[in-house]
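K.L.:
Pasting a structure below so you can have a look.
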Amino acid sequence: MTLEQLSPADVAVNPVLAEVVRSGFVESRHRGAVAALAADGTFAFTTGSANTPVFPRSANKPLQAAAMLRAGLPLDGELLALAAASHSGEDFHARGVYDILDLAGLTADDLQCPAALPLDAAAARRLIKESDTPESRVRNNCSGKHAAMLVTCIANEWPTDTYLDPAHPLQRHIRKTVEELAREPVPATGVDGCGAPLFALTLGGLARAFRALVLAEPGTPERMVADAMRKFPAWTSGTTRDENRLMAEVPGLLLKGGAEGVDAFALADGSAAALKIEDGNARAGTPVTVAILARLGVQPPAGLATTAVKGGGSPVGEIRPAWLG
């Protein structure tokens, strides 16, 4: 069954996972689905349409990076973390993308992701002030992945001009790896915001794939990705991002968010989870992720259990989890 073939009867009504409270009044609600695995790999709990395929968006990036390592991508450390990143376009991210391209004698013109402003607001403001062309492909949050895809193609003597074609050897290899790690077939292929092929999975499959990364033997491609991301979390997101703080402060946590309200994570003991906010609003992601971590027995950093709602520049409410399983 493809995503297009799903009828309303195939999709369960998702529960409210988060509430937006302003001045004591609940003004918005975000529904969604969760699949969480216990350390032994069995389902710890689920809610909503956890078996309905979703597009994981950038939560697929660690799986894509593992596939590229399997195919000979010569990266480790910070640059490997950047290959799995949705980075904020800060200066160190941009330098890292150039470093990856330099490995294969490539330039930014070889990237096929769209030009964009940095996600980091301060970097974006500075570039707008300093340059007549502040948008660039290198500052696109997916440029680390694209640079790594190009280097992988060079390592295998695959064509670089068609590296985003789903039929390209690189993308066929990535799809096969994603299916292996998720232990389920990919039910649909789309086009991600950066132009790369996007492979759908169930939330359970996505959680299993993250679990496979953290439980892989040291030195394997899967474990190398997990270790690089956990050691250099600012390279996978940005210095001011919740993902960075959560991975820096929760021991053994591997976490990656995706557009349209997707988060996926795994802990060193093998427990893992994936969530999808139904309306795609990312603001609910951190509070719900923190609530899931707490349900799995993890004490997350202070201040991330809710997100402040502002009025006149001051806190007047919060975005809070509304479902605790």
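The values are calculated or read from the model by the stated rules, or taken from the named source; none is laboratory data. This structure is a prediction, so every number in the text was calculated from the model and none was measured. With ideal geometry, Cβ positions are generated from the backbone for all residues, glycine too; neighbour counts draw on all protein chains shown. The protein model used for the area step is the full one, side chains on, heavy atoms only, and it has no ligands, DNA or RNA in it. Shrake-Rupley method; radii C 1.70, N 1.55, O 1.52, S 1.80 Å.
K.L.:
Tell me yes or no: at least one residue of region 151-159 is part of a helix (DSSP H, G or I), open to solvent by less than 60 Å² (accessible area, probe 1.4 Å) and polar (S, T, N, Q).
P.N.:
yes
K.L.:
Can you tell me which condition ALA108 does not meet? The list is (1) closer than 21 Å to VAL225 by Cβ; (2) in contact with a Phe, Trp or Tyr (Cβ under 8 Å, 6 or more places away or on another chain), and all the others hold.
P.N.:
(1)
K.L.:
May I ask you to say which residue of VAL26, VAL13, VAL54, VAL21 is farther than 25 Å from PRO218 by Cβ, modelled with pLDDT under 95 and open to solvent by 10 Å² or more (accessible area, probe 1.4 Å)? Before the answer, list the steps.
P.N.:
Values: VAL26 fails: modelled with pLDDT under 95; VAL54 fails: modelled with pLDDT under 95; VAL21 fails: modelled with pLDDT under 95.
The unique qualifying residue is VAL13.
K.L.:
Within region 289-305, does at least one residue satisfy the condition of being under 20 Å from ASN60 (Cα atoms), in contact with a Gly (Cβ under 6 Å, 6 or more places away or on another chain) and not aromatic (Phe, Trp, Tyr)?
P.N.:
Within region 289-305 (the criterion being under 20 Å from ASN60 (Cα atoms), in contact with a Gly (Cβ under 6 Å, 6 or more places away or on another chain) and not aromatic (Phe, Trp, Tyr)), the answer is no, since none of the residues qualifies.
K.L.:
Here is a further query. How about region 15-69: which strands (runs of 3 or more DSSP E) wholly inside it have at least 3 residues that are under 15 Å from ALA284 (Cβ atoms)? It would help to see each step written out before you state the result.
P.N.:
Values: elements: 16-22, 25-37, 43-47.
Passing ranges, in order: 16-22, 25-37.
K.L.:
Could you go through region 184-196 and let me know if any residue there is part of a helix (DSSP H, G or I), open to solvent by 10 Å² or more (accessible area, probe 1.4 Å) and touching a residue at least 12 places away in the same chain (Cβ under 8 Å).
P.N.:
Our first condition is that a residue be part of a helix (DSSP H, G or I); within region 184-196, this holds for none.
No, region 184-196 contains no residue that is part of a helix (DSSP H, G or I), open to solvent by 10 Å² or more (accessible area, probe 1.4 Å) and touching a residue at least 12 places away in the same chain (Cβ under 8 Å).
K.L.:
Being touching a Ser or Thr at 6+ places or on another chain (Cβ under 6 Å), of a type outside the set (D, E, K, R) and surrounded by 24 or more Cβ atoms within 10 Å (Cβ to Cβ) narrows it down to one of ALA39, ALA33, so name that one. Spell out how you get there, then give the answer.
P.N.:
On the way: ALA39 fails: surrounded by 24 or more Cβ atoms within 10 Å (Cβ to Cβ).
After ruling out the rest, the residue left standing is ALA33.
K.L.:
For region 131-145: of the residues being surrounded by 13 or more Cβ atoms within 10 Å (Cβ to Cβ) and over 22 Å from ASP76 (Cα atoms), which is nearest to the chain's Cα centre (by Cα)?
P.N.:
From region 131-145, those surrounded by 13 or more Cβ atoms within 10 Å (Cβ to Cβ) are 134-145; that's our starting set.
Subset that is over 22 Å from ASP76 (Cα atoms): 134-137.
Numbers: PRO134: 25, GLU135: 22, SER136: 21, ARG137: 19 Å.
Here the residue is ARG137.
K.L.:
Looking only at strands (runs of 3 or more DSSP E) that lie completely in region 209-325, which have at least 1 residues being open to solvent by 30 Å² or more (accessible area, probe 1.4 Å)?
P.N.:
Values: elements: 254-258, 262-266, 272-277, 307-311, 314-321.
Once the strands (runs of 3 or more DSSP E) in region 209-325 are filtered for at least 1 residues that are open to solvent by 30 Å² or more (accessible area, probe 1.4 Å), what remains is 272-277, 307-311, 314-321.
K.L.:
Name the residues in region 99-130 that are open to solvent by 40 Å² or more (accessible area, probe 1.4 Å) and in a loop (DSSP other than H, G, I, E, B), would you? Walk me through how you get there before you give the answer.
P.N.:
Within region 99-130, the subset open to solvent by 40 Å² or more (accessible area, probe 1.4 Å) is 99, 102-103, 105, 107, 109-110, 112, 114-115, 117, 119, 121-122, 125-126, 128-130.
Answer for region 99-130, where residues must be open to solvent by 40 Å² or more (accessible area, probe 1.4 Å) and in a loop (DSSP other than H, G, I, E, B): LEU103, GLY105, THR107, GLN112, PRO114, ALA115, LEU117, LEU119.
K.L.:
Just the residues that are surrounded by fewer than 24 Cβ atoms within 10 Å (Cβ to Cβ) and not charged (D, E, K, R), please, taken from region 70-87.
P.N.:
First, the residues of region 70-87 that are surrounded by fewer than 24 Cβ atoms within 10 Å (Cβ to Cβ): 70-72, 74, 76-79.
Selection gives ALA71, GLY72, PRO74, GLY77, LEU79.
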